[in-house]
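The values are calculated or read from the model by the stated rules, or taken from the named source; none is laboratory data. Source: prediction; values computed, not measured. Here the Cβ is made from the backbone with ideal geometry for all residues, glycine too, and neighbour counts use every protein chain on show.
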Amino acid sequence: IKGVVSVFPNEKRKLHTTRSWDFMGFPQQVERATMESDVIIGVLDIGIWPESLSFDDKGLGPPPSKWKGSCQFQPQDNFTCNNKIIGAKYYRSDGLLLPDDFESPRDSDGHGTHTASTAAGNLVDGASLYGFGSGTARGGVPSARIAVYKICWSDGCQDADILVGFDDAISDGVDIISISVEGGRTGDYFEHAIDVASFHAMKNGILTVISAGNDGPRRSTISNFSPWSLSVVASTIDRKFSTKVQLGNNKIYEGVSINTFDLKNKTYPMIYGGDAANTTSTSTISSRFCFPNSLDKNLVKGKIVLCDTILTNGIGALLAGAAGTVARDQGNNIDYSSLFPLPASCFNLIDGRNIFEYVNSTRYDYSMRI
């Protein structure tokens, strides 16, 4: 068929701080070029939240004359573009709209807003998460313009929408394309939409900056690796949010979590999840991991629960009425902090084992505070 380059199945793909740029050696005081405001970054993601301060257009003039794009929106959604967000389009090839989605370029889960602000967000002073990580949030090029192409929805990103989004971004006149969506791992570039589309962008002089993936650090876990795109990988960072736990024997262990709760130095009894199984619906094997509905509310209520994994994110302990939770993960190291719905702290196997042994060695005085 004339005009058809290749044919392959329409598969569905998945979506992959105030400190990051400083950590990378790109400080806020770096000398800027006036031409940066002429740079247009096409962000292919799940949309954007235009009301965010990161996308205020104060001080910006009209879009560069090379810009040919438009702002697509539904009046009832009240989505508007400005001189920062200069274009926005959305795509849904199968016509299905799920309850959690907006029929507009508006972001429904924060991922697109995060990636766009990381690339080109304005300087926003006093940004933090409940006081944690306080500082100035900013993008790599704060004065650059943003063009939004919503190719992802709550159920994923379809290849057909990815291809159309790339085509529009190229014809609209973007300078760089940013996309944080999983690719293929077979090495057959002709069967993966992002590889095909980013090659087309390269042929038009547009660099595609793409996420390497959410897996790792094992070998062969990168999911985007075409030689004509720039794959960006995650790294460690010189910041950690810690939460201390004091046991009844006055020993203090320092775990990690973004703990936004204040227990006002009060002491609570502690119980191991494996000893608090909800025998009417589950087993000790499930309760030790504190899965939802696996814990006996009568045994757990008002206590701090020791769990054998952080993967349940404290939901099971919260539903059972626990006052807090401590997790000892199955890995040897906990290198990242998570946000929990109740007071929590996470430990590696060594400190986790010490806490576990303390709980088992004290029948009555197993109090602790977070």
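Annotations
- Per the conditions (1) in contact with a Phe, Trp or Tyr (Cβ under 7 Å, 6 or more places away or on another chain); (2) at pLDDT 95 or above, the sole criterion not satisfied by E191 is (2).
- Considering only residues in the range 209-252 that are touching a Lys or Arg at 6+ places or on another chain (Cβ under 7 Å) and not aliphatic (A, V, I, L, M), the one that is modelled with the lowest pLDDT turns out to be R239.
- Residue within the range 130-143 that is on the phi > 0 side of the Ramachandran plot and of a type in the set (S, T, Y) present: yes
- Among the candidates N278, N298, residue that is surrounded by fewer than 19 Cβ atoms within 10 Å (Cβ to Cβ) and modelled with pLDDT of 90 or more: N298
- Out of K58, K89, sole residue that is surrounded by fewer than 15 Cβ atoms within 10 Å (Cβ to Cβ) and assigned by the TED database to the domain that holds S198: K58
- Of the residues making up the range 234-252, just one is hydrophobic (A, V, I, L, M, F, W, C), surrounded by 12 or more Cβ atoms within 10 Å (Cβ to Cβ) and out of contact with any Phe, Trp or Tyr (no Cβ under 7 Å at 6 or more places or on another chain), namely A234.
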